[in-house]
1. Which ones in segment 147-162 are farther than 16 Å from TYR69 by Cα and surrounded by 14 or more Cβ atoms within 10 Å (Cβ to Cβ)?
2. ARG94 fails exactly one of the following numbered conditions: (1) surrounded by 14 or more Cβ atoms within 10 Å (Cβ to Cβ); (2) modelled with pLDDT of 75 or more; (3) part of a helix (DSSP H, G or I). What is the number of that condition?
3. Suppose we keep only residues that are polar (S, T, N, Q), surrounded by 12 or more Cβ atoms within 10 Å (Cβ to Cβ) and at pLDDT below 80 within segment 177-218. Which one would you say is nearest to VAL78 (Cα to Cα)?
4. Could you please tell me which pairs satisfy a Cβ distance under 8 Å, a separation of 6+ or placement on different chains, a first residue in segment 109-125 that is surrounded by fewer than 22 Cβ atoms within 10 Å (Cβ to Cβ), and a second residue that is charged (D, E, K, R)?
5. Of the residues that sit in segment 208-259 and are closer than 23 Å to LEU174 by Cβ and not in a helix (DSSP H, G or I), which one is farthest from the chain's Cα centre (by Cα)?
6. For segment 264-282, does any single residue satisfy the condition of being at pLDDT 80 or above and either in contact with a helix residue (DSSP H, G or I) (Cβ under 7 Å, 6 or more places away or on another chain) or among the hydrophobic types (A, V, I, L, M, F, W, C) (or both)?
Amino acid sequence: MLPTPRHALNALYAVAGREVIKFVHQFGRLVSALVRPALWMLVFAAGFQNVFGVSIIEPYDTYITYQVYVLPGLLGIVLLFQGMQSSLSMVYDREMGVMRLLLTAPLPRWYLLLCKLVAGTVLSTLQAYAFLAACEVMSLVLPWTDVTVPWSGWLYMLPAIVLGGLMLGAVGLLLSVYVKQLENFAGTMNFVIFPMFFVSPALYPLWKLRESGAEIIYVLALANPFTYAVELIRYAAYGKLNGEALAVVVASGVVFFLLAAHGYDPQRGAIRRTPQAAGSAA
């Protein structure tokens, strides 16, 4: 049964509000979310500042420096880590019983999961723009970190960041279905985050892979949904639309979310009643 609009909005506000309040009271999460991409910008921009000075590639109309190229990839890693962080909170809530209590609410299970996904995406977007602001500050005092993204790009990137956050959050949501304990989550994240990040155009263009003969990695990068999230943000920063990236991000997000909703179905997925629990209930 579908909820009434008022009931649906109240549920969304409650779930998203809880996540935002938790985030506000955990300032270290914001700091850690900014430290990772900031280090890439500080260190790698210094060493590879002019590595793409002789390359003009889409969506750029002129020569670019490394820090300009790598910025969308670093925004992508912010979204990716937040998506995994949200799935970590799902595992924690499930162990503590909060998630099971939430799923007993008189709302469709898929809608409750959608509320969690939207809440995580709100946090992803806030962190992404906090990193953009940090880049502006760094460019004032560290010349090699200067990133020339048009101010209009901040607005153009918003839909791309939101869509990328939803898609990567859905990946985390799906991952939380099959991770039963917090102790197993760190290793699982490493097998998801780093392959998705490094086998993508976040740090280097895909044509470089083909040029170097790494055809297998090139094909894997094309099959990586994170690739298209980064490219969608990259093109949006300059007011351009990458139709292929948009289609892949939207389709992947829908598929991952549907698989996660199926996994949280107590009759079919990973979140089901155990025989002991069923016996005690009887």
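1. Correct list: TYR156, LEU158, PRO159, ALA160, ILE161, VAL162.
2. (2)
3. Only one residue tops the list, namely THR188.
4. If the second residue must be charged (D, E, K, R), the pairs left are ARG109/ASP265; VAL122/GLU19.
5. Residue satisfying both the conditions and the ranking: ALA223.
6. No, every residue in segment 264-282 fails to be at pLDDT 80 or above and either in contact with a helix residue (DSSP H, G or I) (Cβ under 7 Å, 6 or more places away or on another chain) or among the hydrophobic types (A, V, I, L, M, F, W, C) (or both).
The values are calculated or read from the model by the stated rules, or taken from the named source; none is laboratory data. Computed from a predicted model, the values in this text were never measured in an experiment. Note that we place each Cβ from the backbone using ideal geometry, even for glycine, and neighbour counts take in every protein chain shown.
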